[in-house]
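Chemist: Questions regarding the structure given below will be posed in turn.
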Amino acid sequence: MKGLFITFEGIEGCGKSTQAKLLRKYLKKKGWSVFLTREPGGPKISEEIRELLLSTDNKEMLPETEVLLYMASRSQHTGEWIIPALQKGKMVISDRYYDSTLAYQGAARRIDIKLIDTITKFATFGLKPDITFLVDLPAEIGLSRISKQDADRLEMESIEFHKKVRVGFIEIAKREKERYIIVDGTKSVEEIHNEIMKIMEVKLRKVSI
Ligand code: TMP
């Protein structure tokens with residue numbers, strides 16, 4: 001059995017983490033061994049980098065530092081966890097992957113996309129997701145779902161920033177039609193999950209068992 005690498009993307013508060021967990025449950029029921037993980041994060045080194053990235057104490061962090069830290073977290077995560085899990089035939093679901101860097105650091109922070117692409121190839125060992133679900137919704141709705149008190153460094157960015165992130169994701173989805181599926185994040189959790197299950201039924205038929 002060969003597993004797929006499935007990623008979830010979207011702005012803050014879009015509901016992708018809930019959908020990633022529901023997909024894990026669905027795939028397990030189907031008999032798959034599933035590995036659910038997230039970015040930034042995963043193994044110890046990547047989780048430590050996550051702390052640095054999201055801490056509101058680090059307001060002085062430069063965009064250049066930020067993009068490199070996301071990539072450093074990703075290379076450790078990909079090499080230590082994701083690739084070995086795929087090699088074991090597992091389904092791997094990641095809550096965010098490199099498209100988040102293209103949307104947040106590229107579209108919103110204006111870091112050169114070509115530069116991001118080049119570092120991404122290095123940091124991911126050339127690994128690409130097989131399927132990406134973009135849970136799309138307006139930034140106003142996403143941010144309204146987040147508690148302002150516990151907001152992390154990125155969540156504290158302006159509404160304009162998050163609108164740019166959303167546009168960034170939609171542009172990637174248009175460019176990468178083969179692997180991207182856009183789902184309407186304003187729908188209910190159940191409706192979105194049903195949509196994702198229907199799409200996965202079709203995709204799973206193509207996976208050799
Ligand atoms: P999370 O809230 O989904 O756990 O993600 C953490 C934050 O990090 C979120 O605000 C999005 C941001 N992020 C980037 O800016 N670039 C990246 O490459 C990744 C993976 C996340």
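The values are calculated or read from the model by the stated rules, or taken from the named source; none is laboratory data. Predicted, not measured: the structure shown is a model, and the values here were computed from it. Neighbour counts run over all protein chains shown; Cβ positions are idealised from the backbone, glycine included. Quick note on the areas: whole protein, heavy atoms, side chains included, nothing else; ligands and nucleic acids left out. Shrake-Rupley method; radii C 1.70, N 1.55, O 1.52, S 1.80 Å.
Chemist: So, L137, is that one within 13 Å of the ligand (Cβ to nearest atom), surrounded by 18 or more Cβ atoms within 10 Å (Cβ to Cβ) and either over 15 Å from S73 (Cα atoms) or modelled with pLDDT of 95 or more (or both) or not?
Modeler: On the way: within 13 Å of the ligand (Cβ to nearest atom): no; surrounded by 18 or more Cβ atoms within 10 Å (Cβ to Cβ): yes; either over 15 Å from S73 (Cα atoms) or modelled with pLDDT of 95 or more (or both): yes.
Taking the combined requirement at face value, the residue does not satisfy it.
Chemist: Kindly provide the set of residues from segment 130-144 that are within 13 Å of G13 (Cα to Cα) and either of a type in the set (S, T, N, Q) or assigned to a loop (DSSP other than H, G, I, E, B) (or both), ordered by number.
Modeler: Within segment 130-144, L137, P138, S144 meet the criteria.
Chemist: Checking the condition open to solvent by 30 Å² or more (accessible area, probe 1.4 Å) and either modelled with pLDDT under 95 or among the small types (G, A, S) (or both), which residue from S94, S73, S46, S17 passes?
Modeler: On inspection, the qualifying residue turns out to be S17.
Chemist: Let me confirm something: among A103, A173, which residue is within 15 Å of the chain's Cα centre (by Cα) and closer than 30 Å to K30 by Cα?
Modeler: A173
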